[in-house]
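J.: Provided herewith is a single structure, encoded as C-alpha cells, for subsequent inquiry.
The values are calculated or read from the model by the stated rules, or taken from the named source; none is laboratory data. Computed from a predicted model, the values in this text were never measured in an experiment. Cβ placement follows ideal geometry from the backbone for every residue including glycine, while neighbour counts extend to all protein chains displayed. Side chains are part of the model used for accessible areas, which takes the heavy atoms of the whole protein and leaves out ligands, DNA and RNA. Shrake-Rupley method; radii C 1.70, N 1.55, O 1.52, S 1.80 Å.
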Amino acid sequence: MTTTSHASYTEERPLVTVREFLFSFLFVGIGSLIGILSDFTMFTLIIPLSIFLLIYREWKLLSKFKDLKKDGVIRFEPRFRSNRREANRTLTIVIFLIVIPMILSYFLSPLPWISLTMAFVMAWPASNILEMALQRVIEMKTGMKLRRFFNWSSYGNETVMKDYGWVLESNEERHP
C-alpha cells in the first residue's frame, strides 16, 4: 500500500538580496562610466527606464500597498492565464530592451548609440537598486520589515506554488 503525502514549505526573502544589490550596483557603476564618457545626455535615459521597470515589476505591491499596511500581508494565488499573460508581457519588455538599441544603431553615430545602449542594458539592474530603495522606504513608513514570500507544496514528484505575496514582519524580533 502506498500513500501520497504532501509537504509544504515557505520561501521568504527581501525584495532584493544584498548580493543582487551589490552585483547590480557594480554593474551599473561600471556601465555608467562607459555611458557617461560616450554621451551623457543619451545615458540619462536610464533614469526613466529603470523607474518604468521598477513600477512594472512591483505593480502588484504598489497597487495593494494600503491593504499591505492595513492587513500586514498581500496574497496572490497563481493562475495559469494571468501568469502566462505576465510572462508574455515580461518577455516583450525584455525583447524591446534588446531590440531597440539594435534599431537605433542604424540612426545614431557610435558614441551616442553606445551610451543609449548602456542605458537600455543597465535599466533592469538599476531597477534592482531602486527596488532596494523602495523596500527601505516602505520599511521606514510602516516601521516593519518587508518580505516577499512563496508558499510551495510538494505532491509526490511535483512541486507547485500555492500562493505568493508580500508580508510585513515586526521588527521586535531584531531589536529585543
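J.: Give the residue that is nearest to Met118 (Cα to Cα), with candidates limited to residues of region 41-50 that are out of contact with any helix residue (DSSP H, G or I) (no Cβ under 7 Å at 6 or more places or on another chain) and not hydroxyl-bearing (Ser, Thr, Tyr). Even if it seems obvious, please write down each step before you answer.
T.: Narrowing region 41-50 to residues out of contact with any helix residue (DSSP H, G or I) (no Cβ under 7 Å at 6 or more places or on another chain): 41, 44, 47-48.
Among the residues that remain, those that are also not hydroxyl-bearing (Ser, Thr, Tyr) are: 47-48.
Numbers: Ile47: 12, Pro48: 14 Å.
The residue in question is Ile47.
J.: Within the group Asn83, Asn88, which residue is exposed (fewer than 12 other Cβ atoms within 10 Å of the Cβ) and either farther than 25 Å from Trp166 by Cα or of a type outside the set (D, E, K, R) (or both)?
T.: Values: Asn83 fails: exposed (fewer than 12 other Cβ atoms within 10 Å of the Cβ).
That would be Asn88, the only listed residue that is exposed (fewer than 12 other Cβ atoms within 10 Å of the Cβ) and either farther than 25 Å from Trp166 by Cα or of a type outside the set (D, E, K, R) (or both).
J.: Give me the residue from region 6-25 that is open to solvent by 90 Å² or more (accessible area, probe 1.4 Å) and over 19 Å from Gln135 (Cβ atoms) and, out of that set, modelled with the highest pLDDT.
T.: Per the criteria, the residue is Tyr9.
J.: Look at Glu58 and say whether it is under 20 Å from the mean Cα position of the chain (by Cα) and open to solvent by 40 Å² or more (accessible area, probe 1.4 Å). Break it down stepwise before answering.
T.: Values: under 20 Å from the mean Cα position of the chain (by Cα): yes; open to solvent by 40 Å² or more (accessible area, probe 1.4 Å): no.
Spelling it out, it is not the case that Glu58 is under 20 Å from the mean Cα position of the chain (by Cα) and open to solvent by 40 Å² or more (accessible area, probe 1.4 Å).
J.: Tell me which residues, restricted to region 162-176, are open to solvent by 60 Å² or more (accessible area, probe 1.4 Å) and modelled with pLDDT of 80 or more. Before the answer, list the steps.
T.: Step one: of region 162-176, the residues open to solvent by 60 Å² or more (accessible area, probe 1.4 Å) are 162, 172-176.
Listed by number, the list holds a single entry, Lys162.
J.: Only one of (1) within 25 Å of Ile98 (Cβ to Cβ); (2) surrounded by 11 or more Cβ atoms within 10 Å (Cβ to Cβ) is not met by Asp67, so which one is it?
T.: Result: Asp67 fails condition (1) only.
J.: Could I ask something else about it? Which ones in region 117-158 are of a type in the set (D, E, K, R) and more than 15 Å from Ser50 (Cβ to Cβ)? Before you say what the answer is, go through the steps one by one.
T.: Here is the first cut: in region 117-158, the residues of a type in the set (D, E, K, R) are 131, 136, 139, 141, 145, 147-148, 158.
Passing the criteria: Arg136, Glu139, Lys141, Lys145, Arg147, Arg148, Glu158.
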